[in-house]
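Engineer: Have a look at this one before I ask anything.
The values are calculated or read from the model by the stated rules, or taken from the named source; none is laboratory data. Model, not experiment: these values are computed from the prediction. Every residue, glycine among them, receives a Cβ derived from its backbone with ideal geometry; neighbour counts consider all protein chains shown.
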Amino acid sequence: MTALIAGHLHEADHEAGPPLLTLEGITFRYPERPVLTGVDFHIRAGERVAVVGPNGSGKSTLLRLMVGLHRPQAGRITAFGRPRGNEQDFRDMRRRVGLLFQDSDDQLFCPTVEEDVAFGPLNLGLTPEAAVARAHATLASLGLGGLAGRVTHRLSGGEKRLVALAAVLAMEPEVLLLDEPTNGLDTATEERLTAHLEALPQAMVFVSHDNRLLARMVTRAVLLHEGRLHAATMHSHPHTHAHLHIHAPGVPADHRHGDAPRDHRRANGD
Ligand SMILES: Nc1ncnc2c1ncn2[C@@H]1O[C@H](COP(=O)(O)OP(=O)(O)OP(=O)(O)O)[C@@H](O)[C@H]1O
Ligand SMILES: [Mg+2]
């Protein structure tokens, strides 16, 4: 188990190259509520940065600001070496920075999965045939080929999560902003998704409460606290702890784990 602890200025920020995306002094409030009060952030090629913080601290708001879906009241955003201020700037940037929304229903709005995943590539200027081919290839790479013809709004929550990710990846963005990517996924699917992400070359920002995912994926972490981002330290240490396992019927209640060979299957797939 990994613990993420804030407070120490431990910048494991030794990646080469200029930042792909920089936020300086970003202040943002909804009409009813201040959320961010001077946020500084950057990500470079090759980095995988965790943004952690309690519910309601502003993590999803921050990701939306990064791609211009909200506009800050103060501060500057620079992406790929250019300041970004107006809609045209951000439209251009959204071709290169993909946001996986926390709520899949914000991402998926087409009748079928194929159309949803082809939508981004079509917007990038691919021909309809090429966009559909890209959609199928992306779905297949995530093991979702069988979902292409499905009606999107009838997918399960976990299926929607994966299709939403396919819709983002189909655009082949240079930076991935992933808001709770593993939310609602079963253990085996989470493992498959994590392995897929691990093999991708893009810089990534992870907003997640899933410490197992973060322990495996991220190169550094920042903590959103009272409207500001603070560098965080990450460490892991062994714990003695119990796990809940849920099994198919027929497994003796007093069985032990770790005894080879396995003589039963676990219903939760782990
Ligand atoms: N459209 C909105 N209008 C007004 N307030 C909002 C809006 N969206 C979010 N908020 C509020 O802004 C604050 C930050 O919300 P946000 O969704 O960014 O938090 P979060 O850190 O992503 O939380 P969680 O971990 O629960 O996803 C919360 O208090 C939330 O209630
Ligand atoms: Mg959120």
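Engineer: Starting from residues that are of a type in the set (Asp, Glu) and in a loop (DSSP other than H, G, I, E, B), keep the ones in region 156-190 and report whichever is modelled with the lowest pLDDT.
Structural biologist: So the residue we want is Asp186.
Engineer: Among the residues of region 39-62, which ones are within 13 Å of ligand 2 (Cβ to nearest atom) and aliphatic (A, V, I, L, M)?
Structural biologist: Selection gives Val51, Val52, Leu62.
Engineer: Here's something else I'd like to know. I need the full set of residues from region 214-240 which are within 28 Å of the chain's Cα centre (by Cα) and surrounded by fewer than 14 Cβ atoms within 10 Å (Cβ to Cβ), in order please.
Structural biologist: Scanning region 214-240 gives Glu226, His235, Ser236, His237, Pro238, His239.
Engineer: Provide a single number: the residues in region 60-74 that are without any contact (Cβ under 8 Å) to a residue 60 or more places away in the chain and within 19 Å of the chain's Cα centre (by Cα). Talk me through it step by step, then tell me what you get.
Structural biologist: In the first step, residues of region 60-74 are kept if they are without any contact (Cβ under 8 Å) to a residue 60 or more places away in the chain; the result is 61, 64-65, 68-74.
Checking the rest, the ones that are also within 19 Å of the chain's Cα centre (by Cα) come to 61, 64-65, 68-70.
Qualifying residue count for the region: 6.
Engineer: Can you tell me which residue is surrounded by the most Cβ atoms within 10 Å (Cβ to Cβ) among those in region 192-213 that are touching a residue at least 24 places away in the same chain (Cβ under 8 Å) and more than 14 Å from Val49 (Cα to Cα)?
Structural biologist: Across region 192-213, the extreme among qualifying residues is Leu193.
Engineer: Say whether the condition of being crowded, with 18+ Cβ neighbours inside 10 Å, among the acidic types (Asp, Glu) and over 18 Å from Leu193 (Cβ atoms) is met by at least one residue in region 97-114.
Structural biologist: Yes, region 97-114 has at least one match.
Engineer: For region 75-96, how many residues are surrounded by 13 or more Cβ atoms within 10 Å (Cβ to Cβ) and in contact (Cβ under 8 Å) with a residue 40 or more places away in the chain?
Structural biologist: Here the count works out to 8.
Engineer: Follow-up. So Thr194 ticks every box in (1) more than 13 Å from the chain's Cα centre (by Cα); (2) closer than 22 Å to Ser236 by Cβ but one. Which box is left unticked?
Structural biologist: (1)
Engineer: While we're on this one: Restricting to region 81-109, name every residue that is touching an Asp or Glu at 6+ places or on another chain (Cβ under 8 Å) and of a type in the set (A, V, I, L, M, F, W, C).
Structural biologist: Val97, Leu99, Leu100, Phe101, Leu108, Phe109
Engineer: Going through region 36-62 one residue at a time, which ones are within 14 Å of ligand 1 (Cβ to nearest atom) and either polar (S, T, N, Q) or over 15 Å from Leu223 (Cβ atoms) (or both)?
Structural biologist: The answer is Thr37, Asn55, Ser57, Ser60, Thr61.
Engineer: Scan region 186-243 for residues that are among the β-branched types (Val, Ile, Thr), touching a Lys or Arg at 6+ places or on another chain (Cβ under 6 Å) and within 16 Å of ligand 2 (Cβ to nearest atom) and jot them down.
Structural biologist: Answer for region 186-243, where residues must be among the β-branched types (Val, Ile, Thr), touching a Lys or Arg at 6+ places or on another chain (Cβ under 6 Å) and within 16 Å of ligand 2 (Cβ to nearest atom): just Val207.
Engineer: Name the residues in region 166-178 that are of a type in the set (D, E, K, R) and surrounded by 22 or more Cβ atoms within 10 Å (Cβ to Cβ), would you?
Structural biologist: none
Engineer: Still on this model: Test of understanding: among Leu65, Leu36, Leu69, which residue is within 16 Å of ligand 2 (Cβ to nearest atom), surrounded by fewer than 20 Cβ atoms within 10 Å (Cβ to Cβ) and not charged (D, E, K, R)?
Structural biologist: Leu69
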